[in-house]
Amino acid sequence: MTKTALSFCGITFQNPVTVASGTYGFGIEYNQFVDVDKIGGVMTKGLTIEPRRGNEGVRLQETYGGLLNCIGLENPGADVFAKEYLPQMKRLAPCKIIANIAGATLEDYEAISERLGAEDGIDAFEVNISCPNVKAGGMAFGTDGNMAAQVCKAVKKHTKRPVIMKLSPNVTDIVAIAKQLEAAGADGLSLINTLLGMAIDINQKAPVLGNVMGGLSGPAIKPVGLRMVWQVAQNVAIPLIGMGGITNWQDAVEYLLAGASLITVGTANFVNPLAPLEISEGIENYLKAQKIDDIQDIIGLAWRK
């Protein structure tokens, strides 16, 4: 019998498919027409300690092979999430709950991890370090290994749940930052977050997005995400979640072969809400066709051979 369940940071996932933060709400929004309880895990919308309205103006712009977004972390805040949304998410079991958290200062990360650190029902934390550090002139936490490590240590002080650091691709050496986060105590890594991009309206002769620049996701970034997972997997001992442009089971298998233990579906959810379930089924069928009994056997196989 083919085994697709696996352990990640000590948590047993029923299959390796998760859904990306910001693309699936809190999971409960999809539950009326998708069997969310059959997905491996749900990453919540990015959560901040206080509620956020997000950015003004245009927030989404379709591009060739992808999507630009500058939502601006619109979310109800940590308290409302814990009191109203988390109880509903628990009903999605055995689907795991991974709370994505963000902040503009180190103190913000401390505050939200302290508030949610012991909440019953949260299985792990995914830490968004692509946010601009307002105390460092707007430099993203994730573009500096030392700042990223400080965030990791700050979060881990307030929770015993696994802490998964989400890496930004907008760096010159992602392996170096991955190593610094491993040394700082990260339990796992997610990669990659969106690439920085923009679009210009040639009639208005002005940027399309209200925030001028935004994050590029979708099929166009898959080669970048795959390359970075491949590089990082060979240089750290902690497990990885691979994401970036996964739209079908073939994409997912590539990430697994490159070294990801879990994979995450993001932009594809907007095109096909059933994508996570179809990808999970496709992975299982692939393993059967290849006569592979355990999904663990293909993780990193492309470079372990």
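Starting from residues that are under 23 Å from Asn133 (Cβ atoms) and either assigned to a helix (DSSP H, G or I) or among the small types (Gly, Ala, Ser) (or both), keep the ones in segment 63-80 and report whichever is nearest to the chain's Cα centre (by Cα). Among residues in segment 63-80 that are under 23 Å from Asn133 (Cβ atoms) and either assigned to a helix (DSSP H, G or I) or among the small types (Gly, Ala, Ser) (or both), the one nearest to the chain's Cα centre (by Cα) is Gly72.
The sole residue among Glu56, Glu50, Glu84 that is touching a residue at least 60 places away in the same chain (Cβ under 8 Å) and not in a strand (DSSP E or B) is Glu56. Within segment 137-149, can you find the residues that are surrounded by fewer than 24 Cβ atoms within 10 Å (Cβ to Cβ) and either part of a helix (DSSP H, G or I) or polar (S, T, N, Q) (or both)? Of everything in segment 137-149, those that are surrounded by fewer than 24 Cβ atoms within 10 Å (Cβ to Cβ) and either part of a helix (DSSP H, G or I) or polar (S, T, N, Q) (or both) turn out to be Thr143, Gly145, Asn146, Met147, Ala149. Cβ separations smaller than 9 Å between residues 6+ apart or across chains give the following pairs from segment 14-39 residues that are more than 15 Å from Ile98 (Cβ to Cβ) to residues that are of a type in the set (Asp, Glu): Asn31/Asp37.
The set of residues in segment 150-208 that are assigned to a helix (DSSP H, G or I), charged (D, E, K, R) and surrounded by fewer than 20 Cβ atoms within 10 Å (Cβ to Cβ) comprises Lys153, Lys179.
Just one of the listed residues (Ser168, Ser113, Ser190) is within 20 Å of Asn55 (Cβ to Cβ) and touching a residue at least 12 places away in the same chain (Cβ under 8 Å), namely Ser168.
Being of a type in the set (A, V, I, L, M) and under 16 Å from Arg227 (Cβ atoms) is true for just one of Leu167, Leu181. Which residue is that? Step through it out loud before you land on a result.
Details: Leu181 fails: under 16 Å from Arg227 (Cβ atoms).
Answer to the selection: Leu167.
Within segment 137-150, work out how many residues are under 10 Å from Ala104 (Cβ atoms) and either of a type outside the set (Gly, Ala, Ser) or out of contact with any strand residue (DSSP E or B) (no Cβ under 7 Å at 6 or more places or on another chain) (or both). Full working, then the answer.
Of all residues in segment 137-150, those under 10 Å from Ala104 (Cβ atoms) come to 138, 141.
Of the ones still in play, those that are also either of a type outside the set (Gly, Ala, Ser) or out of contact with any strand residue (DSSP E or B) (no Cβ under 7 Å at 6 or more places or on another chain) (or both) are 141.
Qualifying residue count for the region: 1.
Does segment 119-136 contain any residue that is of a type in the set (A, V, I, L, M, F, W, C), surrounded by fewer than 21 Cβ atoms within 10 Å (Cβ to Cβ) and either assigned to a loop (DSSP other than H, G, I, E, B) or in contact with a Pro (Cβ under 7 Å, 6 or more places away or on another chain) (or both)? So far as segment 119-136 goes, no, none of its residues is of a type in the set (A, V, I, L, M, F, W, C), surrounded by fewer than 21 Cβ atoms within 10 Å (Cβ to Cβ) and either assigned to a loop (DSSP other than H, G, I, E, B) or in contact with a Pro (Cβ under 7 Å, 6 or more places away or on another chain) (or both). The single condition among (1) among the hydrophobic types (A, V, I, L, M, F, W, C); (2) assigned to a loop (DSSP other than H, G, I, E, B); (3) under 15 Å from the mean Cα position of the chain (by Cα) that Val34 does not meet is (3). Taking (1) in contact with a strand residue (DSSP E or B) (Cβ under 8 Å, 6 or more places away or on another chain); (2) without any contact (Cβ under 8 Å) to a residue 24 or more places away in the chain; (3) not charged (D, E, K, R) in turn, Ala220 satisfies each apart from (2). Residues that are surrounded by fewer than 19 Cβ atoms within 10 Å (Cβ to Cβ) and over 10 Å from Gly41 (Cβ atoms) within segment 5-22 comprise Ala5, Ser7, Gly10, Thr12, listed in sequence order.
Suppose we filter Ala140, Ala220, Ala199 for residues that are at pLDDT below 95 and of a type in the set (Gly, Ala, Ser); which single one remains? Show your work before the answer.
Details: Ala220 fails: at pLDDT below 95; Ala199 fails: at pLDDT below 95.
That would be Ala140, the only listed residue that is at pLDDT below 95 and of a type in the set (Gly, Ala, Ser).
Can you say whether Gln296 is surrounded by fewer than 20 Cβ atoms within 10 Å (Cβ to Cβ), over 16 Å from the mean Cα position of the chain (by Cα), more than 18 Å from Val42 (Cβ to Cβ) and free of Cβ contacts under 8 Å to residues at least 40 places away in the same chain, as far as the supplied structure shows? Taking the combined requirement at face value, the residue does not satisfy it. The set of residues from segment 189-248 being touching a helix residue (DSSP H, G or I) at 6+ places or on another chain (Cβ under 6 Å) and more than 27 Å from Gln296 (Cβ to Cβ) comprises just one member, Leu195.
Give the residues of segment 38-47 that are in a loop (DSSP other than H, G, I, E, B) and out of contact with any Phe, Trp or Tyr (no Cβ under 6 Å at 6 or more places or on another chain), sorted by residue number.
Ile39, Lys45, Gly46 - these are the residues of segment 38-47 that are in a loop (DSSP other than H, G, I, E, B) and out of contact with any Phe, Trp or Tyr (no Cβ under 6 Å at 6 or more places or on another chain).
Of the residues making up segment 79-102, none is surrounded by 15 or more Cβ atoms within 10 Å (Cβ to Cβ) and on the phi > 0 side of the Ramachandran plot.
The values are calculated or read from the model by the stated rules, or taken from the named source; none is laboratory data. All figures in this text were calculated on a predicted structure; none of them were measured in a lab. Positions of Cβ are backbone-derived with ideal geometry, glycine not excepted, and every protein chain shown enters the neighbour counts.
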